[in-house]
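> I am attaching a structure below and will ask some questions about it afterwards.
The values are calculated or read from the model by the stated rules, or taken from the named source; none is laboratory data. In this text, all values refer to a predicted model and were calculated from it rather than measured experimentally. Cβ sites come from the backbone with ideal geometry, for glycine too, and all protein chains shown count toward neighbours. Accessible surface is based on the protein model in full, side chains and every heavy atom, while ligands, DNA and RNA are left aside. Shrake-Rupley method; radii C 1.70, N 1.55, O 1.52, S 1.80 Å.
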Amino acid sequence: KVDYKGIEGYVLGGLHAIEKKTINGITHLFGQAKTGDKEYLLIRSLKGDGHFKEKSIRLGNGQFLLTHLGTKGLTDIDGILHIDYIAEDCGDEGGGIYLFQEEGQLRQVARLSQVSDAGAYYFWEEFIFPEDEEGIAGKILYQKKMGEYFDEKSNWKKSSIETKELVWTNNNLGLAQQ
């Protein structure tokens, strides 16, 4: 762990890691990179033998929080890492990316969006996991809410909700089958 000009972090192959998360004994170090106007999250997953696996994920918003959510009631994974975008202004991308750790590897599972413009529209995607209040054992509930406002004074709006039951099997997120 290092402190450079008041910023704490970790050394990431000569780069300053902005965050460190350990999931089921596997340590992941995170950094950021920018190429043109595209921002990326760099991830190095350390292995017990001193080697590491590296990946990069394109970000929809360069401001975010990294949160280890546990397994949220899913039995076939080691843990969930959520890249949670911070949307400070109307119209900013405020969703996030879900990564599941399975067999020591982080796998990108979904990129969900949450965008709104006060008094105009909203688009909101979310996962509801088995341990969440409305969760279903063994399943991930995907929910998408969309709406637009026509008149705020009379609360005139049009909205729709779409839901799907999903399951994580064989390193893949798919529709739940009956």
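> Return yes or no: is L41 at pLDDT 85 or above, of a type outside the set (G, A, S) and closer than 15 Å to L99 by Cα?
Numbers: at pLDDT 85 or above: yes; of a type outside the set (G, A, S): yes; closer than 15 Å to L99 by Cα: yes.
So L41 passes the test.
> Under 6 Å between Cβ atoms, which residue pairs at least 6 apart in sequence (or on different chains) link something in segment 126-149 that is without any contact (Cβ under 8 Å) to a residue 24 or more places away in the chain with a partner that is part of a loop (DSSP other than H, G, I, E, B)?
Listed by first residue and then by second, the contacts come to I128/E134; I128/G135.
> Cβ-Cβ under 6 Å, sequence separation 6+ or interchain: first residue in segment 96-107 and under 12 Å from K53 (Cα atoms), partner open to solvent by 20 Å² or more (accessible area, probe 1.4 Å) and in a strand (DSSP E or B). Which pairs?
G104/I26
> Now a separate question. Scan segment 94-138 for residues that are among the small types (G, A, S) and in contact with a Gly (Cβ under 6 Å, 6 or more places away or on another chain) and jot them down. Write out each step before concluding.
Applying the first criterion (among the small types (G, A, S)) to segment 94-138 yields 94-96, 104, 110, 113, 116, 118-120, 135, 137-138.
Once the filter is applied, which keeps residues that are among the small types (G, A, S) and in contact with a Gly (Cβ under 6 Å, 6 or more places away or on another chain), segment 94-138 yields only S113.
> Follow-up question, since we're still on this one. What's the number of the only condition in (1) touching a strand residue (DSSP E or B) at 6+ places or on another chain (Cβ under 6 Å); (2) among the polar types (S, T, N, Q); (3) open to solvent by less than 70 Å² (accessible area, probe 1.4 Å) that S159 fails to meet?
Result: S159 fails condition (3) only.
> Can you pull out every residue in segment 114-129 that is part of a loop (DSSP other than H, G, I, E, B) and modelled with pLDDT under 95? Quick ask: steps written out before the conclusion?
So the first thing to find is which residues in segment 114-129 are part of a loop (DSSP other than H, G, I, E, B), and the list is 118-120, 129.
Once the filter is applied, which keeps residues that are part of a loop (DSSP other than H, G, I, E, B) and modelled with pLDDT under 95, segment 114-129 yields A118, G119, A120.
> Step by step: first the residues of segment 55-68, then only those that are in a strand (DSSP E or B) and in contact (Cβ under 8 Å) with a residue 24 or more places away in the chain, then the one that is nearest to L106 (Cα to Cα). Which residue is that?
Just the residues of segment 55-68 that are in a strand (DSSP E or B), to begin with: 55-59, 64-68.
Now drop any that are not in contact (Cβ under 8 Å) with a residue 24 or more places away in the chain, which leaves 55, 57, 59, 64, 66, 68.
Values: K55: 9, I57: 11, L59: 16, F64: 18, L66: 13, H68: 12 Å.
Here the answer is K55.
> Tell me, which residue of segment 22-66 that is more than 17 Å from the chain's Cα centre (by Cα) and among the hydrophobic types (A, V, I, L, M, F, W, C) is most open to solvent (accessible area, probe 1.4 Å)?
F52
> Further question on the same structure: In segment 71-95, what residues are open to solvent by 30 Å² or more (accessible area, probe 1.4 Å) and either out of contact with any Phe, Trp or Tyr (no Cβ under 9 Å at 6 or more places or on another chain) or within 30 Å of H51 (Cβ to Cβ) (or both)? Talk me through it step by step, then tell me what you get.
Of segment 71-95, the ones open to solvent by 30 Å² or more (accessible area, probe 1.4 Å) are 71-72, 75-76, 78, 84, 86-93.
Hits for segment 71-95 are T71, K72, T75, D76, D78, D84, A87, E88, D89, C90, G91.
> Being closer than 25 Å to T75 by Cα and more than 18 Å from the chain's Cα centre (by Cα) is the requirement here; does A110 meet it? Can you show your working first?
Values: closer than 25 Å to T75 by Cα: yes; more than 18 Å from the chain's Cα centre (by Cα): no.
It is false that A110 is closer than 25 Å to T75 by Cα and more than 18 Å from the chain's Cα centre (by Cα).
> Which of (1) touching a strand residue (DSSP E or B) at 6+ places or on another chain (Cβ under 9 Å); (2) aliphatic (A, V, I, L, M); (3) open to solvent by 50 Å² or more (accessible area, probe 1.4 Å); (4) over 30 Å from K20 (Cβ atoms) is the odd one out, the single condition A137 does not satisfy?
Failing condition for A137: (1).
> When you go through Q114, Q101 one by one, which is the residue that is under 22 Å from G31 (Cα atoms) and not hydrophobic (A, V, I, L, M, F, W, C)?
Details: Q114 fails: under 22 Å from G31 (Cα atoms).
Q101 is the lone residue from the list that is under 22 Å from G31 (Cα atoms) and not hydrophobic (A, V, I, L, M, F, W, C).
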